[in-house]
Structure formats: structure tokens, C-alpha cells
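Down below is the structure, laid out as C-alpha cells.
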Amino acid sequence: MNYQGIVLFNNVDHFDKAINNYEDNDAKIIEFDIEEISNSQQLHFELKSRLYLPSYYNNTFESLLECMLEYEIDEDGLVLIFEQMDKLPFKNLYSLLDVFATVAKAKQEEGLKFVVLAQVDNAYFKLYKPLNTPDFICWNEKEKK
């Protein structure tokens, strides 16, 4: 399993196996609890605190993109984990995925691994508006649609 970008999962067992695979490969893993996030303010608070974003991060997706493009990733890579990601309000979800797909592309060009494992409860989840970098989001190999 060698992904770059955002990988979607519906099946929790497949999701857990992917997490274990990255843990076994010494990637830095940061988990986010969507249950604790009910609005944009809480989402940005969680991103800032868990990712240790700099003081100039101003709680916008544009600022998140800037900070993540500068984010230092070691050779083992960075994996962000979101369970039940589709519980986020669509506007926040779309903006967050768009930022992460853009960052994945940039990090790949730098030779760095950046992965977002996103479990969604809706087995038919899809974005109705394409991301700016659509090649960096996909369903996992066992659940490809």
C-alpha cells in the first residue's frame, strides 16, 4: 500500500489496516477526532493544535495551505487520519480536502510522502465539485468505485 494524497475508506477494517501499515513503516501519524468538531472554528483549532502550526496561522484554509506547504516532513512521511470525515459540514470538508490534495502534490514533487487517510460513513461518498488537484484523492484499492 503506497499512497500519496487523500485515500478514502468506508470499511473500518480496511481503514484500520491502512493505519497499521503506516505505523509499521514509522510514518509520523496525527489523528483527528471529528466527533469533537462541529464548526469551522473548532476545526481550525484542532488543525493548529495537532499540527503545531505557526503563530501566523489565521484560521483560514488559505492560511492552512500556506502553512502546510512549509510544513517539514521527514523521510518516513506524514499521515493524517480522519475517522467519519464526512460528518464535517460540506464547505469545510471540501476546503480541507482541496488543501490536502494540493499539499500532497507539492510534497510529492519534493520527494516527500504526505497521506490523508479519511474514513467516511457514506459508502457512496463523492465530491460534487472537483478539487483543484483531483489526481490526489481516491478510494482505497479494496473499495474503488
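Data for the structure
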read-out: Enumerated strands (runs of 3 or more DSSP E) restricted to the range 1-95, each holding at least 2 residues that are charged (D, E, K, R); value: 28-33
read-out: Test: residue in the range 54-70 that is buried (at least 17 other Cβ atoms within 10 Å of the Cβ), free of Cβ contacts under 8 Å to residues at least 24 places away in the same chain and hydrophobic (A, V, I, L, M, F, W, C); value: yes
read-out: Test: residue in the range 111-122 that is among the charged types (D, E, K, R), within 17 Å of VAL7 (Cβ to Cβ) and either under 15 Å from the mean Cα position of the chain (by Cα) or assigned to a helix (DSSP H, G or I) (or both); value: yes
read-out: Candidates ILE19, ILE6, ILE30, ILE81, filtered to the one that is buried (at least 21 other Cβ atoms within 10 Å of the Cβ), of a type in the set (A, V, I, L, M) and on the phi < 0 side of the Ramachandran plot; value: ILE6
read-out: Failed item, numbered, when TYR128 is tested on (1) within 14 Å of the chain's Cα centre (by Cα); (2) surrounded by fewer than 17 Cβ atoms within 10 Å (Cβ to Cβ); value: (1)
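Here, each number is a calculation from the coordinates, and none is a lab measurement. Treat the numbers as computed from the prediction; the structure is a model and nothing was measured. Cβ: placed from backbone, ideal geometry, glycine included. Neighbour counts: every protein chain shown.
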